[in-house]
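Peer 1: Right, I'll just put the structure down here and ask away after.
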Amino acid sequence: MSAAIYIHIPFCIKKCNYCDFSSIVFNEPVKDRYLKALMREIEMASFAGKVETVYIGGGTPSLLTPSEVEKIINKLEQKFHLLHGAEVTLEVNPGTIDLPKIRELRNTGINRLSIGIQSMNPMELRFLGRVHDETDSQNALKWISRYFDNFSVDIMYGIPGQDLEGLRDNLKQVLGYNPPHISAYELSVEKGTPLSCMLAEGKITLSTDDDKIAMYELIADLLKAKGYLHYEISNYSRKDYHCKHNMNYWMRGEYLGFGASAHALIRETRLRNTPDITDYIRLMEEEGRAVVEETALTDLDRVNEEVFLRLRTDRGINTDTISAAPELFHLLEQEGLILKKNGWIRLTEKGMLLSNRVIVEILDSIEKTTDISTQNRR
Ligand code: SF4
């Protein structure tokens, strides 16, 4: 299996109210030092395998100039064996791109854009603390759909004040640009964000679980009716337009990560870089390495990860490779949560909705079965 490369660009115009990603407000001198550190990290890496996808995420990578993006891609091409036709994605945010920039990006080696639209509703965008408004979103979608054949749109649901009609309207507007790929994420409240303070101070009320379920079902029904494949819990695509980069994560393929907070999975070892941007630059300048965590995975870790990751997708898992109790699969199938076929199981639409519960039950069963077989060997 080929590998993937993730590059983290941790700069944004301002922090959104819900964001706990590793990102800081854009600053030109810090960005310049960061890019030098990033180039050094790429230069020092060693990986002989083939690379099938590159994903430049953030943060807001579209704050870089096209020539900075091109330098990163050129460096990767010099250093690694990027396959011909590799999927090369750049995350972009409305309000940070214009028509000339989108045209120029086509000449940098980028062949897929992922746009953080989140909502087409001005009040929802203000609530989220996004820098763009609905006109920026419309322009970004219009330009990108004209110049890129392959692009993805992120939308969010469960935003306080959002109802089913509002969500339907967001989806309808986005669908007007015929995106080949849509990711739909539930708004989550992360510790230390302005959103969590608003919640603690009683200034906002979150959507109820029933509301969120209804929204999830509305998205799945509407997109499937429009011909999209629901190929992962939060992801929908036209045929052959699934995100190959993310599919590699879910299939537990190897990947390299460069930049602050970037992760990697190489030869059954997980590595993580420091998430602190100043620390990352210092470590790269002084020590030439920014890894702060390195974990060699056990066989049980690997199996657990396979269940946790692969089961998110419509490919599912091969039951021969895991040791969960067969009765559990029978029960889950009777409840309409999984489908069993030729030794494989995968989540049904209802199972995707209740994926946390299904996955926890399977992982518990694997742990118990493993305990029993370990005891039997003693
Ligand atoms: S644009 Fe993305 S990374 Fe930047 S602050 Fe907003 S949510 Fe976070």
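Bear in mind these aren't lab numbers, they're just calculated from the coordinates by the rules spelled out. Predicted, not measured: the structure shown is a model, and the values here were computed from it. Here Cβ is always computed from backbone atoms with ideal geometry, including for glycine, and neighbour counts include all displayed protein chains.
Peer 1: Check the straight Cα-Cα distances from Lys341 and name the aspartates and glutamates below 14 Å, setting aside those fewer than 8 residues away within the same chain.
Peer 2: Hits, sequence-local ones excluded: Asp314, Asp320, Glu333.
Peer 1: Can you tally the net charge around Asp211? Count Lys and Arg as +1, Asp and Glu as -1, for every other residue whose Cβ sits under 14 Å from the Cβ of Asp211.
Peer 2: Details: positive: Arg168, Lys212; negative: Asp163, Glu165, Glu186, Asp209, Asp210, Glu217.
Summing Lys/Arg as +1 and Asp/Glu as -1 gives -4.
Peer 1: Counting other beta carbons within 10 Å of each residue's own, what order do Trp344, Trp250 fall into, fewest first?
Peer 2: So the ranking, lowest neighbour count to highest, is Trp344, Trp250.
Peer 1: Hey, if you put +1 on the Cβ of every Lys and Arg and -1 on every Asp and Glu Cβ in region 3-249, which of Ser145, Ile110, Phe127 ends up farthest toward the positive end of that dipole?
Peer 2: Result: Ile110, furthest along the dipole toward the positive end.
Peer 1: Taking the beta-carbon count within 10 Å as an exposure proxy, list Thr205, Thr269, Thr193, Thr89 from fewest neighbours to most. Mind dumping the intermediate values first?
Peer 2: Working: Thr205 9, Thr269 12, Thr193 18, Thr89 24.
Sorted ascending by nearby Cβ count, the order is Thr205, Thr269, Thr193, Thr89.
Peer 1: May I ask what percent, to the nearest 5, of DSSP beta bridges between residues of the chain are antiparallel?
Peer 2: Antiparallel bridges make up about 40 percent of those DSSP assigns within the chain.
Peer 1: Would you compute, from DSSP H runs of 4+ residues alone, the mean residue ellipticity of the chain at 222 nm, taking -39500 (n - 2.57) per run and dividing by the full residue count, rounded to the nearest 500?
Peer 2: It lands at -13000 deg cm²/dmol.
Peer 1: Would you mind classifying region 47-93 by shape? Square roots of the alpha carbon gyration tensor eigenvalues, ordered a ≥ b ≥ c; an a/c under 1.5 is rounded, otherwise it is prolate if a/b is larger than b/c and oblate if not.
Peer 2: prolate
Peer 1: Can I ask one more? Taking the number of other C-beta atoms within 10 Å as the exposure measure, put Glu333, Glu124 in order starting with the fewest. Intermediate values should be presented prior to the final figure.
Peer 2: Numbers: Glu333 15, Glu124 21.
Placing the least packed residue first, the sequence is Glu333, Glu124.
Peer 1: For Cα pairs less than 8 Å apart in space and 6+ apart in sequence, what is the mean separation divided by the residue count of the chain, i.e. the relative contact order in percent?
Peer 2: That works out to 16 percent.
Peer 1: In addition: Along the Cα-to-Cβ line of Lys75, 7 Å from the Cα, sits a label point; which residues in region 241-258 have backbone N less than 20 Å from it?
Peer 2: Output list for this probe position: 255-258.
Peer 1: Straight-line reach only, C-alpha to C-alpha below 23 angstrom: list the lysines that Lys226 could link to, leaving out same-chain residues fewer than 8 apart.
Peer 2: Lys142, Lys172, Lys212, Lys239, Lys244, Lys350
Peer 1: Still on this structure, please answer the following. Could you work out how much longer the chain between Arg106 and Ile13 gets when fully extended? Use 0.36 nm per residue separation minus the Cα distance between them, nm to one decimal. Let's see the in-between values first.
Peer 2: Numbers: separation 93, 0.36 × 93 = 33.48 nm, distance 2.32 nm.
Value of the extension gain: 31.2 nm.
Peer 1: Still on this structure: If each of Ser188 and His84 carries a label point 7 Å out from its Cα toward its Cβ, how far apart are those two points in nm?
Peer 2: Reported label-point gap for Ser188 and His84 is 4.1 nm.
Peer 1: Residues with beta-carbon under 13 Å from that of Thr269, excluding Thr269: net charge, scoring Lys, Arg +1 and Asp, Glu -1?
Peer 2: Its environment carries a net charge of -1.
Peer 1: Where a ≥ b ≥ c are the square roots of the eigenvalues of the C-alpha gyration tensor, would you call the chain rounded, which needs a/c under 1.5, or, failing that, prolate if a/b is larger than b/c, or oblate?
Peer 2: Oblate, since a/c reaches 1.5 and b/c is not below a/b.
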